[in-house]
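Read the structure below first, then the notes.
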Amino acid sequence: MALTGRAGLIAALGAVGVLFAPRPLYAVLGLLLLVGALVAVDLLFAGGVRPLRFRRAGERLVRLGEPVAVELVVENPGRRRVRGTLRDAWPPSAGAAPRHQRLDVPAGERRRLVTTLTPTRRGDREAVTVTVRSVGPLGVAARQGSHSVPWSVRVLPPFLSRKHLPAKLSKLRELEGQHPALVRGQGTEFDSLREYVVGDDVRSIDWRATARRADVVVRTWRPERDRRVLIVLDTGRTAAGRVGTSPLSRASGPGGAGWPRLDWSMDAALLLAALASRAGDRVDFLAHDRVVRAWMSGGSRTDSLSALVNVMAPIEAELVEADSASMVAAVLARARRRCLVVLLTDLNAAAMDEGLLPVLPQLAARHLVLVASVADPRVAEMAAGRGTAELVYDAAAAEHLRGERARLTARLRRHGCEVVDATPDDLAPALADAYLALKAAGRL
Amino acid sequence: MAAVTAPETAPATETRAEATSTSPTAGSIWRGARGGVVIGVLVVVVAVLTALVTGTSTEGRRLDPADATLSGSKALAEILRQRGVRVERVTTVDDALRLDGPGAQLLVPNTVTLSSADAARLARTRADRLLVGPVIGLTTLAPGVAVRSQVAVRSREPACDLPAAARAGSAHIGGATFTAGAGGVGCYPSDEGPSLVRTTSGPTVTVLGNGAFMTNQRLPEDGNAALAINLAGARPVLIWLVPPERERPAPGSGRASAADLIPAGVPWAVAQLVVALLLVAFWRGRRLGPVVVERLPVVVRAAETVEGRGRLYRARRARDRAAAALRAASVARLTPRLGLAADATPQEIVAATALRTGQDPRWVGSVMYGPVPSDDAGLVALAGHLDTLERQAREP
């Protein structure tokens, strides 16, 4: 049950009558009775909320930062018209609009309402309840009730770094050439034999094959393919830290509290995965803090990126210290062949000393390890602070951190790891470049 | 044909131009204000209707000989005066006692307002007593008479030998009924007993269950007037004791307090407004569906640890650590630029820097490896010097 403003208005107007009434007490009691009677009549004749039937339709997937429409069909099997307000409740971060909608469903008919979600956060958003307030014929009181109409929308990572993909792909094409190369070099593998045509490099003639056949045959080469890339995402506490400015809120005012390292790492991972799958490599994905949060084994190449995006969507940073030993064990158990392990984590001296560095040799012995980390632009900004004592102390603290990171980077490199340490905006292209460089060098 | 149609269509497109005026029109002003106007009209209508339905709002003083409203008794007092009865309207027991005498009759239209002490004082008077209901404290003022029950006020027959009642005939009476003690006469009986009782042991005491027949409104009906005149005009002097008037000083008299000037209906109207407020509160307070809870991610800036460390340096005035961090960072940036190995000795670095920048090697040495600055200003200066060296090494 709910009242409308009219009940209060009647009572307030009644106060004028009470002011002039000879028996004010009876006037007050009479007005109470009147309002009560009107409310009772309204409640009696309002359309029932309980028998309403609901159905949903619409999108189930949306990229973060884009709107998505979810339809709600309201069917009124009752005998009375249902007129009033409807609220399709979603969690606040789903950004549902409008919050309230007018509803007018005659008996036996159905109406379609559209709620537009503009999610502000990655992950699964579940519809909570649908609440209907059905106002009676006098407009004084309303029946109210809620229905559970489940629907979920998965908010995918925005993959903002896809703008870098064309440039990186053209670099890749440059690397492998649109045509198989005739020159053998680093990062190439044997492709096929074909007949010699005038102009081919005579050094590429395969004499043994030529001897077997009547024609002269040359070997062709192509960049190595079918390598494995295993992207490991650290979802421990360091991934929760916010860095840079949120790319989604840039248009509307200041960047707020920034974007978690996890999201920047995902962005970089997606670019790398897109690039690697185009380059013919197989991409696996592992998210890990103390336990395995997500695992995706790269299946067919065509849909691996969408599958990856889907797997990433619900991952959140957990406020626990990552367990590097168990992570390494998980990687070793899943990757039997040599592969490129891209470890997206934070170069945090304290955490690395205890966690990753002792177990890194185990991993580096069997795989090529690339550690990628998001650097905080705020630290660089603080390191440049000069002028007042406060700023210089801050600069000293920032330099201290940068020194630690540099030492850590050097130690990792000594272990044979590649390290990419870049600011949020540069991480994705830097990681892609590192991958291309490794591919060009034939180190995969 | 086309030449003919073209001029026809041209003005049509012209008139279809969009209206661009943004100033309010009469219609838009009305639409904006009609809500307030409707509420204002409703308030006035409700007020006027209430006033019309209920008549004047001034409430009469019941059975007051000076009151000309429907519930007053000015008519009866005037008639008695014309008949030569001296009607004395008093409001205090003291005044009543002053007029006391054997030829007087005391009319008390409301014993409820009398205190028991006042009642006892009145009981000692020599005057006859005419008590009009509602009555309490009868044991003092009318010994031997007791209230028995309550009946409706309507026209009743006297059915007794009391001359005043018998001559008057039927009258509009009822209210309380009594049991008269020994020697008492009861008139206007109902099933529950008489509504008029007279006892004559001591001064004549007449008790009436209800005084409605004496009001201005009822006096012309039935035998009311006769009964009232017979009862009240029995003695030459009628002491009419009415409850003391509540002090109602007129506005502007200077004695009026704010509470006196507030009409009686205002507190009730305020109560009604409170009811309205509660209804509005319920209207606004009722949520459309439950509160939606959501597990929110932590919002912590990654740079907070660095900022915290900077603040710790500042709080402890840790110039040594700050200077060491700044110097180490500068050296780490300078070494590759100067073409030195990472494990170069301080002497080599100072020498190479001085050579590249053209600065005094001793000054360069004191900046890069010198003592810890003695104050914050020294630290700021050191940071500046390191910047200078780096810049000069970058662009000699």
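The values are calculated or read from the model by the stated rules, or taken from the named source; none is laboratory data. Not measured: the values here are computed from a predicted model. Virtual Cβ from ideal backbone geometry, glycine too; neighbours counted across all protein chains shown.
Reported count of residues in the range A:372-421, each being crowded, with 19+ Cβ neighbours inside 10 Å and outside any helix (DSSP H, G or I), is 10. In the range B:335-396, counting only helices (runs of 4 or more DSSP H) that sit wholly within it, the ones holding 1 or more residues that are hydrophobic (A, V, I, L, M, F, W, C) and either touching a Ser or Thr at 6+ places or on another chain (Cβ under 6 Å) or not assigned by TED's automatic domain parsing to the domain that holds B:ARG316 (or both) span B:361-369, B:376-394. Among the residues of the range B:209-224, those identified as touching a Gly at 6+ places or on another chain (Cβ under 7 Å) and either under 21 Å from B:GLU192 (Cβ atoms) or of a type in the set (D, E, K, R) (or both) are B:GLY209, B:ASN210, B:GLY211. Residue count for the range A:67-88 satisfying the condition of being loosely packed, with under 15 Cβ neighbours inside 10 Å and touching a residue at least 60 places away in the same chain (Cβ under 8 Å): 0. A residue that is within 12 Å of chain A (Cβ to nearest Cβ) and either of a type in the set (Ser, Thr, Tyr) or touching a residue at least 12 places away in the same chain (Cβ under 8 Å) (or both) occurs nowhere in the range B:348-359. Residues being part of a helix (DSSP H, G or I) and either surrounded by 22 or more Cβ atoms within 10 Å (Cβ to Cβ) or modelled with pLDDT of 90 or more (or both) are represented in the range A:45-60 by at least one member.
If I ask for residues that are under 19 Å from B:TYR313 (Cα atoms) and of a type in the set (Gly, Ala, Ser), which ones from the range B:369-396 would you list? Hits for the range B:369-396 are B:SER374, B:ALA377, B:GLY378, B:ALA381, B:ALA383, B:GLY384. Check the range B:298-306 and report whether any residue there is hydroxyl-bearing (Ser, Thr, Tyr) and surrounded by fewer than 14 Cβ atoms within 10 Å (Cβ to Cβ). The answer is no, given that none of the residues of the range B:298-306 is hydroxyl-bearing (Ser, Thr, Tyr) and surrounded by fewer than 14 Cβ atoms within 10 Å (Cβ to Cβ). Selection of the range A:312-332 for residues being of a type in the set (Val, Ile, Thr), more than 14 Å from A:THR345 (Cα to Cα) and away from chain B (no Cβ under 14 Å) yields only A:VAL331.
Counting the residues of the range A:94-124 that are surrounded by fewer than 19 Cβ atoms within 10 Å (Cβ to Cβ) and of a type in the set (Gly, Ala, Ser) gives 4.
Residue-by-condition table, conditions (1) surrounded by 13 or more Cβ atoms within 10 Å (Cβ to Cβ); (2) modelled with pLDDT under 90; (3) within 30 Å of A:VAL328 (Cβ to Cβ):
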position	(1), (2), (3)
A:SER148	no, no, no
A:TRP151	yes, no, no
A:LEU175	yes, yes, no
A:HIS179	no, yes, no
A:THR188	yes, yes, no
A:ASP200	yes, yes, no
A:VAL218	yes, yes, no
A:TRP221	yes, yes, no
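One residue is enough: does the range A:409-420 have a residue meeting the conditions within 10 Å of chain B (Cβ to nearest Cβ) and either hydroxyl-bearing (Ser, Thr, Tyr) or touching a residue at least 12 places away in the same chain (Cβ under 8 Å) (or both)? Looking for residues that are within 10 Å of chain B (Cβ to nearest Cβ) and either hydroxyl-bearing (Ser, Thr, Tyr) or touching a residue at least 12 places away in the same chain (Cβ under 8 Å) (or both), one finds none in the range A:409-420, hence no. Beta carbons closer than 8 Å, at least 6 apart along the sequence or on distinct chains, pair a first residue in the range A:28-51 that is over 15 Å from A:ARG143 (Cα atoms) with a second that is in a helix (DSSP H, G or I) and of a type in the set (Phe, Trp, Tyr) for A:VAL28/B:TRP268. In the range A:352-374, is there at least one residue being within 14 Å of chain B (Cβ to nearest Cβ) and among the charged types (D, E, K, R)? Looking through the range A:352-374, none of the residues is within 14 Å of chain B (Cβ to nearest Cβ) and among the charged types (D, E, K, R). Can you tell me which residues in the range A:423-435 are crowded, with 21+ Cβ neighbours inside 10 Å and not hydroxyl-bearing (Ser, Thr, Tyr)? A:PRO424, A:LEU427, A:ALA428, A:LEU431, A:ALA432 - these are the residues of the range A:423-435 that are crowded, with 21+ Cβ neighbours inside 10 Å and not hydroxyl-bearing (Ser, Thr, Tyr).
Of the strands (runs of 3 or more DSSP E) lying entirely inside the range A:268-363, the ones with 2 or more residues being modelled with pLDDT of 90 or more, under 30 Å from A:GLU399 (Cα atoms) and in the same structural domain as A:GLU404 (by TED's automatic domain parsing) are found at A:340-344. Note on the range A:91-108: among residues that are in a strand (DSSP E or B) and within 11 Å of chain B (Cβ to nearest Cβ), the one that is nearest to the chain's Cα centre (by Cα) is A:ALA96.
Scanning for something part of a loop (DSSP other than H, G, I, E, B), of a type in the set (Val, Ile, Thr) and touching a residue at least 60 places away in the same chain (Cβ under 8 Å), does the range B:63-72 turn up at least one residue? For the range B:63-72, residues part of a loop (DSSP other than H, G, I, E, B), of a type in the set (Val, Ile, Thr) and touching a residue at least 60 places away in the same chain (Cβ under 8 Å): present. Return the pair list, or none, for Cβ contacts closer than 8 Å from residues in the range A:89-114 that are without any contact (Cβ under 8 Å) to a residue 60 or more places away in the chain to residues that are of a type in the set (D, E, K, R) and in a loop (DSSP other than H, G, I, E, B), at least 6 apart or on different chains. Going by the 8 Å Cβ cut-off, the qualifying pairs are A:PRO91/B:GLU294; A:PRO92/B:GLU294; A:SER93/A:ARG121; A:SER93/B:GLU294; A:ASP104/A:ARG81; A:VAL105/A:ARG81; A:PRO106/A:ARG81. With the requirement that a residue be under 30 Å from A:GLY5 (Cα atoms), among the aliphatic types (A, V, I, L, M) and at the interface with another protein chain (Cβ under 7 Å from one of its Cβ atoms), what does the range B:279-300 give you? Within the range B:279-300, B:LEU279, B:VAL280, B:LEU288, B:VAL292 qualify.
When the range B:229-285 is filtered for residues that are in contact with a strand residue (DSSP E or B) (Cβ under 8 Å, 6 or more places away or on another chain) and either β-branched (Val, Ile, Thr) or modelled with pLDDT of 90 or more (or both), the ones remaining, listed by number, are B:VAL237, B:ILE239, B:VAL242, B:LEU279, B:PHE282, B:TRP283. Looking at B:ALA164, is it closer than 17 Å to B:LEU107 by Cα and not in a strand (DSSP E or B)? So B:ALA164 passes the test. The residues on offer are B:ALA303, B:ALA322, B:ALA332, B:ALA328, and the sole one that is within 17 Å of A:GLU399 (Cβ to Cβ), touching a residue at least 24 places away in the same chain (Cβ under 8 Å) and at the interface with chain A (Cβ under 8 Å from one of its Cβ atoms) is B:ALA322.
In the range A:336-395, how many residues are polar (S, T, N, Q), over 29 Å from the mean Cα position of the chain (by Cα) and within 30 Å of B:ARG321 (Cβ to Cβ)? Of the residues in that region, 1 qualify.
Restricting the range B:152-188 to residues that are basic (Lys, Arg) and either within 22 Å of B:THR200 (Cα to Cα) or surrounded by fewer than 18 Cβ atoms within 10 Å (Cβ to Cβ) (or both) leaves a set whose member that is nearest to the chain's Cα centre (by Cα) is B:ARG154.
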